[in-house]
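Read the structure below first, then the notes.
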Amino acid sequence: MKVKFLFLIALLLPISLLSYEISFNKKFSKSVAPDVLVASVNISIENESEGFIASHIEKFTKYIDRNKTVQKSHGNVTISPKYKYFKNTQKFIGYHGNLRYTIKGESAKNINSFIDDLIALESKYDKDNVKLRISKLSWTVSNKLYESNQDTLRIDAFKWIEVYANSLKNEISKECEVKNININQSSPQVFRARTAQSLTEKRISNIAPISTNVEIKIEPNFVLECK
């Protein structure tokens with residue numbers, strides 16, 4: 001665990017002739033390996049027939065919903081008419097459909113396998129009509145891991161301030177007690193991978209980015225009363 005002072009501000013506020021308060025901030029942090037891989041999946045289908053698009057989006061939807069190795073959310077389907085403009089004239093040329101999901105899982109192997117199967121399904125169609133894109137691929141810290149480390153850091157902070165308050169007796173020849181502790185916690189950090197890419201040309205068996213440790217921290221404000 002890294003412990004680093006952000007700053008130390010001593011505010012001498014006379015309470016009586018023999019007592020005062022000391023207020024300061026201190027940073028407590030831990031380096032943690034992200035445990036959840038997240039990605040956005042977008043399947044784009046174009047065709048002259050709205051029924052063709054709807055039926056093929058349904059095939060992808062069934063595969064995604066049946067797969068239990070990854071978590072899925074934000075499933076969204078849109079089908080809209082497509083027009084071509086020529087000399088200020090609008091001409092209907094077909095339909096454009098989109099299927100979007102956010103997927104996540106603790107196993108990079110499962111994410112890779114899931115995407116490989118999507119690519120295999122996509123390869124059965126004309127590349128000009130059906131396109132699969134994976135974007136926003138990133139590692140993040142799950143709420144469970146984040147809260148667990150936050151709890152550990154809070155306990156570390158409580159233990160540290162008690163030891164520090166007792167040590168001041170030898171430094172300033174006064175008895176110091178902890179009067180207040182205010183802890184503002186940080187948000188989980190995310191490691192971002194490469195940008196959106198088309199996966200229509202080859203099978204990818206290892207799309208997951210390398211996980212990089214992130215910092216979880218708290219920066220409590222301590223107030224001591226010394227007499």
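Here the range 42-67 is the region considered, the condition is being without any contact (Cβ under 8 Å) to a residue 12 or more places away in the chain and within 14 Å of LEU118 (Cα to Cα), and the residue that is surrounded by the fewest Cβ atoms within 10 Å (Cβ to Cβ) is ARG66.
A single entry from ILE57, ILE15, ILE53, ILE45 fulfils the requirement of being modelled with pLDDT under 70 and not acidic (Asp, Glu): ILE15. When restricted to residues that are small (Gly, Ala, Ser) and under 30 Å from ASN42 (Cα atoms), the range 119-176 contains 5. Would the range 137-158 turn up any residue that is at positive phi and open to solvent by 60 Å² or more (accessible area, probe 1.4 Å)? No; the residues of the range 137-158 include none that is at positive phi and open to solvent by 60 Å² or more (accessible area, probe 1.4 Å). Test each condition in (1) at pLDDT below 90; (2) surrounded by fewer than 14 Cβ atoms within 10 Å (Cβ to Cβ); (3) outside any helix (DSSP H, G or I) for ASN170 and report the one that comes out false. It fails just one condition, (3).
The values are calculated or read from the model by the stated rules, or taken from the named source; none is laboratory data. In this text the structure is predicted, and so the values were computed from the model without any measurement. Don't worry about glycine lacking a Cβ; one is built from the backbone with ideal geometry, like all the others, and counts go over all protein chains shown. We work out accessible area using only protein heavy atoms, side chains counted, and drop any ligands, DNA or RNA first. Shrake-Rupley method; radii C 1.70, N 1.55, O 1.52, S 1.80 Å.
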